[in-house]
1. Top to bottom by accessible area (1.4 Å), largest first, where do HIS334, HIS50, HIS287, HIS89 land?
2. Which ³J(HN,Hα) values in Hz, rounded to whole numbers, follow from the phi angles of region 323-336 under the Karplus curve 6.51 cos²θ - 1.76 cosθ + 1.60, where θ = phi - 60° and Gly and Pro get x?
3. Quick check: with the 1.4 Å probe, what order do ASP40, ASP272 take by accessible area, largest first?
4. Pulled fully out, how much extra length does the chain show between VAL247 and ILE286, if you take 0.36 nm times their separation in residues and subtract their Cα-Cα distance?
5. Grab the beta carbon distance between ASP272 and ASN43, set R0 = 56 Å, and tell me the FRET efficiency rounded to 0.05.
6. Working out 0.36 nm times the residue gap between TRP194 and SER326, then minus their Cα-Cα distance, what length gain in nm do you get to one decimal?
7. Just by accessible area at a 1.4 angstrom probe, what is the order of TYR310, TYR212 from largest to smallest?
8. Mind checking which lysines have their Cα closer than 28 Å to the Cα of LYS92? Skip sequence neighbours fewer than 8 apart in that chain.
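The values are calculated or read from the model by the stated rules, or taken from the named source; none is laboratory data. Predicted model, so just to flag it, every value in this text is computed and none were measured. Here the Cβ is made from the backbone with ideal geometry for all residues, glycine too, and neighbour counts use every protein chain on show. Surface accessibility is based on the protein's heavy atoms, side chains included, excluding ligands, DNA and RNA. Shrake-Rupley method; radii C 1.70, N 1.55, O 1.52, S 1.80 Å.
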Amino acid sequence: MASTLSVVVLGLATATDPATEGKPVQVEIDAPWGCANANDFLNSLQSRSHLVRPATGDEPRTTLQVRLIEMRRYVLGELRMLDESGGIHTRKMQGANCDEVVQALSLAAAVALDPSVLLSDPGPLAAAATPAPENPPPTVAPEARSSVDVQRTTDAPPSLASQGDRRFELGAAAVGSIFLSSGISPGMSVFGRWTPAGGGRFRPTVGMAVTYVRNDVLRSPGAAQASLTGLVVTMCGTGWGASVMKVKPCGLVMAGLLSVSGLQVARTSSVDLLWLSAGAAVRTAIHLGLGFSLELEAGASAAFLRREFYTTLPAHVVEKTATISSLASLGLAHGF
């Protein structure tokens, strides 16, 4: 699960020479479960510079806010540095995995806090993630390397939100619906969804599901056996939550066929009727890794047409559609 932790950097302070005390630093990180945590970022930062120390009490400090987002083919990272004067400096980076992004962002933080890092030899953590070219570029003097390395850390996507690539999802779910007044009817659903590439924070997800439920699976249907087959179209907002879990509000429209057959009568008759309804739902997705997620969705909708079914006389109603039809599902989805 994504976690936001506050970790105080450990260091050594010298009472006689303030310059060696370093800078008080606090690290806050928001990252997917198993991707990286505050200690990982802290260890990388400490391996580059020792001129940092714990921030204690209410003393002024530099806060490092790190955010990591796993995309389909890469990881996006953002570092926001808030100094004691209120200034904010941002560095952004993308890499093939979390470790690459953590190392790049920790280097940017180390350079900003301790420019002498540029003059020291890079340690194992600072090694390049990609193979060295056959014809290496000419050596850059320390004075010139400062501007080159800092510029490289800022060569990142213009926005984390704008770099979300399009995503397709396929899945199946067990469904329970109360579309008749007599009680819950179980069934199954298969669905597909599409999230377009986003240019901002609002990235709607459009989905289509084929759902089939009937009232005679878990109990006796009584005087009428009914089934509902429908196409459900949903549109969900960006939602809330961290990378491990997301909660999204959704609007839904359902169109389908309601089939009802009379039972316990001398002459059996069946009718097929149009079903139209609209409503809202809430979808909760728990990411399991490798593109899979466990999803729980619950919602309610109102049918445009009310139906009543009777045996011999209109006053002898044996079944009718619910005023508010509810729908809940638990399923597994896979993103591509």
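1. Details: HIS334 45, HIS50 140, HIS287 70, HIS89 100 Å².
Ranked list, largest accessible area first: HIS50, HIS89, HIS287, HIS334.
2. Values, residue by residue: 5, 10, 8, 9, 8, 9, 8, 9, x, 10, 10, 10, x, 10 Hz.
3. Values: ASP40 70, ASP272 105 Å².
So the residues, ranked largest to smallest area, are ASP272, ASP40.
4. Details: separation 39, 0.36 × 39 = 14.04 nm, distance 0.90 nm.
Length gained, VAL247 through ILE286: 13.1 nm.
5. Working: r = 66 Å, r/R0 = 1.18.
The computed FRET efficiency comes out at 0.25.
6. Working: separation 132, 0.36 × 132 = 47.52 nm, distance 2.42 nm.
Full-extension gain reported as 45.1 nm.
7. Numbers: TYR310 115, TYR212 90 Å².
The ordering from most to least exposed comes out as TYR310, TYR212.
8. LYS23, LYS246, LYS248
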